[in-house]
């Protein structure tokens, strides 16, 4: 039973790492898109 549990834990840890990286990438993209929209729709700064 011990031999069967180890690969499952490794698969789960691998999936968690992939999910963490994916969530960071999605969050970064959404943050940058939101800032781009804010810059384009915001008031133009006039000196």
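Among the residues of the range 1-36, not one is outside any helix (DSSP H, G or I) and modelled with pLDDT of 90 or more.
Restrict the check to the range 37-45 and report whether at least one residue is at pLDDT 70 or above and surrounded by 10 or more Cβ atoms within 10 Å (Cβ to Cβ).
yes
The values are calculated or read from the model by the stated rules, or taken from the named source; none is laboratory data. Just so we're clear, the structure is a prediction, and the values are computed from it rather than from any experiment. Cβ coordinates were reconstructed from backbone atoms using ideal geometry, including for glycine residues, and neighbour counts include every protein chain displayed.
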